[in-house]
Structure formats: structure tokens, C-alpha cells
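This report concerns only the one structure given below.
The values are calculated or read from the model by the stated rules, or taken from the named source; none is laboratory data. A quick note: this is a predicted structure, and the numbers were derived from the prediction, not measured. Here the Cβ positions follow ideal geometry from the backbone for every residue, glycine too, while neighbour counts run over all protein chains shown. In case anyone asks, the SASA skips ligands and DNA or RNA and just uses the protein heavy atoms, side chains included. Shrake-Rupley method; radii C 1.70, N 1.55, O 1.52, S 1.80 Å.
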Amino acid sequence: MKHDIIAEPGILEVSNLHVAFGRPKDRVSVVNGVDFSLAKGEVLGILGESGSGKSVMLRSLMGLFPRRTHVTGHVRLAGQDLLAMDKKTLRNIRGRDVSMIFQEPMTSFDPVFTVGRQITETIRRHDGVSEQDAQARALELFELVAIPSAKSRLTNYPHEMSGGMRQRVMIALALACRPKVLLADEPTTALDVTVQIQILLLLRELQREMGMSVVFVTHDIGVAAEVADRIGVMYAGRFAELAPTRAAILTPRHPYTRGLLAATIHGQQRGDHIETIPGAPPNLAHLPTGCAFAPRCGRSVAACTEKMPEMTVFGKTHMARCYNPEPSQI
Amino acid sequence: MTSYAKDTGSEFPSVSSYRDLKVQESPGYWAMVRKRILRDPVTLISAAILLVIILSAILAPVLAPYDPYVGNIMTRMKPVGFEGHLLGTDETGRDMLSRLLFGGRLSLIAGVVPVSIALLIGGSLGITAGFFGGLVNTVIMRVTDVFYAFPSILLAIAICGMLGTGLFNTLLSLTLVFIPPIVRISESVTTQVRNLDFVEAARASGAGSFALMRYQVLPNVLAPILVYTTSLVSLSIILAAGLSFLGLGVSAPAAEWGLMLNSLRQMIYIDPVLAALPGVLIFATSMCFNLISDGLRSAMDVRLKV
């Protein structure tokens with residue numbers, strides 16, 4: 001827990017990450033070169049359409065891949081490369097240094113064990129404490145995530161709990177070993193709106209208190225704006241834009257980010273048509289040579305179809321891949 | 001370790017205020033299973049009948065009024081209720097009740113033993129194939145398919161014919177016959193379970209392959225495999241009977257329900273009730289196994305609400 005992170009620029013360093021599925025001849029590239037650095041205590045929200053590689057990217061941050069996956073690049077957690085280490089070391093890190101909250105609280109628990117057992121199992125797996133100690137910690141965790149009558153709730157089976165309650169249990173489970181980095185894959189998508197905000201507030205509260213770094217994936221710009229310090233917008237397996245939350249929402253530089261923001265619903269829009277981005281995301285098996293967004297982009301120039309634009313830095317921390325970015329003032 | 005239970009901020013009501021509130025506590029797993037079975041009359045009755053059948057087979061030497069292998073030519077083919085012979089006598093004058101009691105021993109062994117061994121072997125192979133997939137799966141499943149090419153009774157006959165007669169060879173051949181379907185069932189349910197979210201969630205918490213198989217896969221696939229397997233017990237009794245009939249299983253003087261059914265076949269016009277008796281017992285035993293397996297499945301499933 002007392003890792004010296006001053007020498008490292010960030011707790012999590014991702015460089016040149018590529019993930020592709022399938023055999024070489026019919027390979028589908030899902031993640032095409034992701035670079036970012038996550039500071040200690042920072043919350044990074046990742047936005048994007050379905051199929052933009054968000055979830056695959058998130059899973060690769062803890063080395064979880066389906067079969068026949070081709071991965072290159074580096075994911076360094078506190079200096080150790082997760083993609084290069086052996087399986088045993090990786091298993092010791094999963095759940096302890098980096099843990100994940102899944103989207104579906106309904107299916108992400110083993111139905112044949114009580115939720116308490118599933119938490120104590122994880123604690124004992126990583127910390128090797130006695131059953132009593134593990135149970136005491138599970139109880140503390142349940143109280144931490146504000147589950148009423150925590151003690152009796154520990155003896156419940158997953159099906160005996162509601163969705164929001166199960167998502168709280170999932171958070172408790174993810175926090176069980178005080179991870180340095182918490183990954184959340186659309187943690188609130190499966191919940192109804194009133195529960196969503198409770199869970200988000202809880203997550204932010206716990207993140208601040210425990211000083212964790214969080215990467216979370218969402219479709220919902222409102223959610224990202226609420227929780228994240230920084231927002232990354234993914235398109236076709238790359239970051240189109242990576243900027244502090246305020247800048248990303250108020251002055252987006254990439255036309256895709258602007259399109260996403262324009263497509264959200266505001267209160268004053270009553271009666272108007274909602275703006276849309278024409279076309280559909282590209283086929284990941286045959287990516288265009290230039291900017292993947294160029295065919296749908298209203299601001300594309302000749303260079304866009306020839307070569308993928310590099311990440312350009314605007315200001316100190318605002319980055320976007322675009323030859324013809326949106327003006328900095330709207 | 002530092003304590004986690006700090007004040008989580010003003011947005012939440014203080015936890016301690018409802019910390020000791022009682023919700024209905026889940027009873028233990030086995031307590032729940034027992035409660036459900038006690039509420040299920042069909043399973044209870046089947047279990048009682050099966051228990052009687054098993055006990056009477058075990059206690060056959062004590063209960064049987066006559067020697068099952070010695071007949072009296074003077075009292076051949078007497079009907080049910082004949083004086084001194086409660087269930088009548090067979091074509092060589094042997095006491096039916098004694099033969100049925102002793103026959104239960106061989107039949108129950110022929111029903112349970114091959115299926116249990118096949119469950120161990122087939123279940124392990126199937127779960128391994130389903131869990132690891134890829135090449136392991138291909139090898140195990142294609143070899144299984146080779147066995148599948150033969151109808152089960154023909155395969156049993158072929159193996160028995162090759163090995164020779166006798167109880168042991170019957171059991172061996174039946175075991176081999178039952179492995180492939182169990183492998184297939186186990187493989188398919190394992191493949192379903194291993195792709196569910198909670199398996200990935202467990203992997204994300206640091207579980208290795210063995211832990212995943214033991215805690216995530218096995219408890220979730222056991223119920224469907226067990227239910228299917230218990231349904232094979234009745235088939236096994238009947239196949240064993242068929243082998244005996246063809247002279248490949250246990251041989252003639254031995255008391256075994258299938259063998260008795262076949263030898264009493266010729267009497268069906270003379271005394272149909274007598275000829276049907278071994279069949280009734282085979283039927284009752286298989287039914288009981290099937291109903292119990294069904295009852296167990298519903299009782300052992302934590303997801304079902306009762």
C-alpha cells in the first residue's frame with residue numbers, strides 16, 4: 001500500500017495498446033493504439049458508442065481476454081507490466097491491486113454461494129486471513145457501501161437481493177482488498193435511474209475516501225460529467241479526444257465529441273429534432289487508412305482520408321486526434 | 001488492516017442507525033434443501049418405496065421364505081396367493097417372492113454401479129472439455145462421437161461378447177456405454193456456465209482455473225448432470241436385463257429381474273400377473289429414481305424461490 005509512486009508519472013500507464021480478435025487472416029482490430037496515464041486518485045471516464053472498444057480496452061487493463069486474442073503494447077500498474085507477467089502473478093494482482101465492477105449485477109455473482117461467502121473468499125484468497133477476520137471485514141465493507149442490516153444480508157444468496165443492492169455488493173467485493181485501481185464497466189447501466197445516482201454518489205465518495213484511481217466506461221455523458229475528472233472519447237478503438245471533464249464538455253475539439261454532445265437531450269430542446277451523427281461506426285475488420293471518423297465527419301479535409309491524425313495537444317492537457325479541430329470557442 | 005467503516009459522508013443516512021435491523025436471515029443451504037424435500041410428497045413417497053426395495057434386497061437372505069434357486073416340480077406356475085407361496089411360483093416351481101428379493105440385489109447393482117462410475121469418468125471428461133475448450137474439447141468430444149456411432153445396446157453387446165459373460169463384464173460394458181452421453185451433457189452445460197458473467201467476475205478477482213472449476217463451474221453444472229444421470233439408472237437396469245437375456249450377462253439360474261422377466265415371458269398367456277411381476281419392480285425402481293432426481297433438482301436449486 002505504501003508504493004512509491006512519485007518516481008512513476010501515474011499509477012496506471014497504458015502505452016500503444018492493441019487488441020485484436022480472431023486468426024491472422026480474418027483479424028478484427030478492436031483496440032488500435034491506446035495511450036494514457038492515470039494519476040493516483042484520478043477518475044477517468046471513457047465514452048463511446050457500442051463497439052468502439054471501450055469494454056475490451058477496460059478488460060485488457062487487468063489482462064482479461066477471450067480466447068484467440070492478439071495483444072500488443074504495455075499496461076503498467078505501479079511499474080509492473082500486466083501483459084508481460086506470468087499468470088500466477090497476474091492472478092495475485094487481480095482483485096487485489098486492480099479490481100472490476102461489472103455491468104450486470106444480476107449475472108455477475110455465482111448463484112450457488114451466499115454473497116458473504118463470495119466476499120470472504122476473495123479476501124482470504126488475497127490476504128490469507130482467517131475466516132473470522134474475513135467475515136468481520138466483509139461486514140465492514142457491507143456497512144461501507146450502506147447496505148442495511150448488513151449482518152443478515154451477508155447470508156443472502158444473490159437472487160434474494162435487488163439489482164441496486166447487488167451492485168452495492170459488487171462494489172463491496174471490488175473494494176475488498178483496497179485496490180489501487182478500480183475498473184468499472186458501465187456500473188449503472190443495468191439499474192434504474194433513481195438507483196443510478198445513489199450508486200454513482202457512493203462510488204465517488206468511496207473513491208475520494210480511499211484515494212483510488214478509477215477508470216469507468218459509460219454511454220451516458222451525464223454520468224461521465226458527474227463523476228469523472230477526465231474524459232476519454234473512444235472511436236474505433238482509439239481515443240479521439242482525451243481532456244479534463246470541463247474542457248471536454250464545454251469546448252470539445254474533436255468533431256466526434258461535439259457530435260456526441262449535440263446528440264444528447266437538453267431541457268430547452270423541446271420540439272426540436274435531436275442532432276445525429278450521420279452514418280454508422282466503421283467495420284473493425286476493415287478500418288479505413290485515414291481517420292476512422294472521416295467518412296461521417298462534417299469537417300473532414302483531404303488529409304483525413306490519407307493518414308490517421310496523431311494525438312495533438314491543445315493547451316496543457318487537452319488532446320484530440322484531428323487535422324481540422326473544432327474552434328476552441330463555440 | 002485499517003478499518004473501512006468510516007463515516008461515508010452526509011449523503012447517506014448513518015449506517016449505524018439501521019445496522020441491527022433484522023431482515024429475514026437465509027437458513028443454511030442444507031436446512032433449506034431438507035425443508036423443501038419435506039414439503040414435497042412425491043419425492044418423499046418415492047424415497048420411501050425405493051428405501052423398501054433397497055432394504056429388502058439387502059435383507060433378502062433373512063426375508064426370503066425359500067431358497068431362490070431350488071424349485072419344486074410339483075408346485076410349478078402357481079398363481080399369486082398360492083398357499084405357502086405369497087407371490088406364486090415360476091416355471092420351475094421356485095418361490096417368486098424369494099427370487100424377486102434376491103433379484104433386487106443384482107438389478108440394483110446393475111443399475112447403480114455402472115451409472116455411478118460413468119458419472120465420475122464422464123462428468124470429469126465433460127467438464128474438462130467444456131471448461132478448457134479448444135483442442136482439449138475437440139479431442140475429448142470427437143473420441144466420444146466415435147462411441148456415439150454405435151447404438152448403446154449394440155455397443156454393450158459387442159463389449160460383453162468380447163469380454164465374456166459374468167456380472168463384472170456386464171458392469172464394465174454398461175459403464176462404457178454410459179460414459180459418452182454423460183460427457184456430452186456435462187460438456188454442454190459447462191460450456192454454458194463458463195461463459196456467464198460471474199465466471200469472468202471470479203477471474204477478475206484472481207481465481208485460477210482450478211478455483212473456477214471447483215467453485216464457479218462444478219456447483220452450477222452438478223444439478224443438471226445428476227438429474228440426467230439418475231434417469232440412466234432405469235435404462236441401465238433394463239440393458240443389464242437385455243444382456244442377461246442374450247446370455248451375455250448373468251447366466252440362467254441366477255435371480256435377476258431382467259432375466260426373470262425374460263424367462264417368464266412364455267407364461268404370459270398362462271398367468272400374465274405372474275409374468276409381469278419382475279417388470280413391475282423394474283418399473284417401480286426406475287420411476288422412483290426418476291422422481292427422486294427430479295425432486296432433488298428442485299430442492300437443491302438455490303435460485304428457485306419456494
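Applying the criterion of being among the small types (Gly, Ala, Ser) and at the interface with chain B (Cβ under 7 Å from one of its Cβ atoms) to the residues of the range A:135-155, the residue that is nearest to A:Ala174 (Cα to Cα) is A:Ala146. Just one residue in the set B:Gly126, B:Gly134, B:Gly164 is away from chain A (no Cβ under 14 Å), without any contact (Cβ under 8 Å) to a residue 40 or more places away in the chain and farther than 22 Å from A:Arg117 by Cβ; that residue is B:Gly164.
From the list A:Ala303, A:Ala262, A:Ala248, the lone residue that is farther than 30 Å from A:Glu42 by Cβ and not charged (D, E, K, R) is A:Ala303. Restricting the range B:285-301 to residues that are at pLDDT 85 or above and crowded, with 16+ Cβ neighbours inside 10 Å leaves a set whose member that is farthest from the chain's Cα centre (by Cα) is B:Gly295. Of all residues in the range A:123-155, those satisfying the criterion of being under 19 Å from A:Leu203 (Cβ atoms) and assigned to a loop (DSSP other than H, G, I, E, B) are A:Val145, A:Ala146, A:Ile147, A:Pro148.
What about B:Ile140, is it over 22 Å from the mean Cα position of the chain (by Cα), within 28 Å of B:Asn195 (Cα to Cα) and of a type in the set (Val, Ile, Thr)? Answer is yes for this residue. Of all residues in the range A:219-247, exactly one satisfies the criterion of being touching a Leu at 6+ places or on another chain (Cβ under 8 Å) and free of Cβ contacts under 8 Å to residues at least 60 places away in the same chain, namely A:Glu226. Restricting A:Ala248, A:Ala285, A:Ala224, A:Ala243 to those that are at pLDDT below 85, on the phi < 0 side of the Ramachandran plot and touching a strand residue (DSSP E or B) at 6+ places or on another chain (Cβ under 9 Å) reduces the list to A:Ala285. Taking every residue in the range A:86-102 that is at the interface with chain B (Cβ under 8 Å from one of its Cβ atoms) and of a type outside the set (Lys, Arg) and pairing it with any residue that is surrounded by fewer than 23 Cβ atoms within 10 Å (Cβ to Cβ) and assigned to a strand (DSSP E or B), at least 6 positions away or on another chain, the pairs with Cβ-Cβ distances below 6 Å are A:Phe102/A:Asp185. For A:Asp127, the conditions (1) touching a Cys at 6+ places or on another chain (Cβ under 8 Å); (2) among the acidic types (Asp, Glu); (3) facing chain B (nearest Cβ under 7 Å) are fulfilled apart from (3). The number of residues in the range B:201-214 that are open to solvent by 10 Å² or more (accessible area, probe 1.4 Å) and part of a helix (DSSP H, G or I) comes to 8. Taking the criterion of being within 21 Å of A:Glu13 (Cβ to Cβ) and open to solvent by 30 Å² or more (accessible area, probe 1.4 Å), the only residue of the range A:94-112 that qualifies is A:Arg96.
Yes/no per residue for (1) under 25 Å from A:Ser152 (Cβ atoms); (2) more than 20 Å from the chain's Cα centre (by Cα); (3) buried (at least 24 other Cβ atoms within 10 Å of the Cβ):
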{"residue": "A:Ala78", "(1), (2), (3)": "no, no, no"}
{"residue": "A:Asn92", "(1), (2), (3)": "no, yes, no"}
{"residue": "A:Val115", "(1), (2), (3)": "yes, yes, yes"}
{"residue": "A:Arg125", "(1), (2), (3)": "yes, yes, no"}
{"residue": "A:Gln132", "(1), (2), (3)": "yes, yes, no"}
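Among residues of the range B:264-286 that are part of a helix (DSSP H, G or I) and charged (D, E, K, R), those with a beta-carbon under 7 Å from a residue that is modelled with pLDDT under 85 and open to solvent by less than 20 Å² (accessible area, probe 1.4 Å) at least six positions away or on a different chain give the pairs B:Arg265/B:Ala275. Comparison of B:Val217, B:Val189 shows that the only residue that is open to solvent by less than 60 Å² (accessible area, probe 1.4 Å), under 30 Å from A:Asp97 (Cα atoms), within 14 Å of another protein chain (Cβ to nearest Cβ) and at pLDDT 85 or above is B:Val217. Of all residues in the range A:181-212, exactly one satisfies the criterion of being buried (at least 23 other Cβ atoms within 10 Å of the Cβ) and of a type in the set (S, T, N, Q), namely A:Thr188. Residues in the range B:75-127 that are among the charged types (D, E, K, R) and assigned to a loop (DSSP other than H, G, I, E, B) were compared, and the one that is surrounded by the most Cβ atoms within 10 Å (Cβ to Cβ) is B:Asp90.
Residues of the range A:265-298 that are open to solvent by 40 Å² or more (accessible area, probe 1.4 Å) and among the β-branched types (Val, Ile, Thr): A:Ile265, A:Ile274, A:Thr276, A:Thr289.
Looking at this structure, is B:Ser46 open to solvent by less than 70 Å² (accessible area, probe 1.4 Å), away from chain A (no Cβ under 14 Å) and at pLDDT 60 or above?
yes
Counting only residues that are assigned to a helix (DSSP H, G or I), open to solvent by less than 10 Å² (accessible area, probe 1.4 Å) and either at the interface with another protein chain (Cβ under 8 Å from one of its Cβ atoms) or in contact with a strand residue (DSSP E or B) (Cβ under 9 Å, 6 or more places away or on another chain) (or both), the range A:156-174 holds 4 of them. Among the residues examined, B:Leu196 qualifies as open to solvent by 50 Å² or more (accessible area, probe 1.4 Å) and either closer than 25 Å to B:Val112 by Cα or within 12 Å of chain A (Cβ to nearest Cβ) (or both).
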